[in-house]
1. Dipole of the range 35-77 (Lys/Arg Cβ +1, Asp/Glu Cβ -1, origin at the Cα centre): which of Gly64, Thr37, Thr74 lies farthest to the positive side?
2. Which ³J(HN,Hα) values, rounded to whole Hz and listed in residue order, are derived for the range 65-76 from phi using the Karplus coefficients 6.51, -1.76 and 1.60 in 6.51 cos²θ - 1.76 cosθ + 1.60 with θ = phi - 60°, glycine and proline given as x?
3. Please list 3J(HN,Hα) in residue order for the range 135-152, calculated via the Karplus relation 6.51 cos²θ - 1.76 cosθ + 1.60 where θ = phi - 60°; whole Hz, with x for glycine and proline.
Amino acid sequence: RPPRSTPLYSSAASDVYKRQGYKEKELRRETDKTLRTVLTRQIEDQKARLTGLQVELISGGQLGLMDDMERCATKMQILADSIRTASYGYAPLFDDVRVKEEELDALAQFDQGLAVGVERIKTILDTMGTLAGRPEQDWMESIRALNNTVENLVTEFGHRREVILQVAPAADES
């Protein structure tokens, strides 16, 4: 084993740390991809529930709500597609071997907010499931809430990369 002060040892140690950093980045990229896959699946599951509610409304003759519900379904699909096709692992964030904890925290917090939003969609659809046979006005309140929630999530996801990159310059200055 070469002494620690020799260039050979320093070079070998540097290579080990670089490989370790690379593996950590790849793990983070995979984690990001897995989380986005789970969120996409959850949104698609809720969209399927919305479709089921649409069928119930059609069966009950409440056709006046279909346009509004279809707009919600379209926005849910846009959200799912946006999350599914987002940059794999947000490479600019992960390119530097020394990934800053603040950046990882910002990403995790952002993703947690998306997960909370998907849970809100589920709750609204739970409420809508109890409205069978009720007047259209009762449905419209829930449809508006669903529409607003999905719109906010689409907008929020559009800013995901910006949230991460806003943390990076502040961390570099310290």
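1. Thr37
2. So the Karplus estimates, Gly and Pro as x, are 8, 4, 4, 5, 5, 5, 4, 4, 4, 5, 5, 5 Hz.
3. x, 4, 4, 5, 5, 4, 4, 5, 5, 4, 4, 5, 4, 5, 4, 5, 4, 4
The numbers here are math on the coordinates, done by the rules we state, and not lab data. Only a predicted model underlies this, so the values are computations on that prediction, with no experimental measurement involved. Note that each Cβ is placed from the backbone with ideal geometry, even for glycine, and that neighbours are counted across all protein chains shown.
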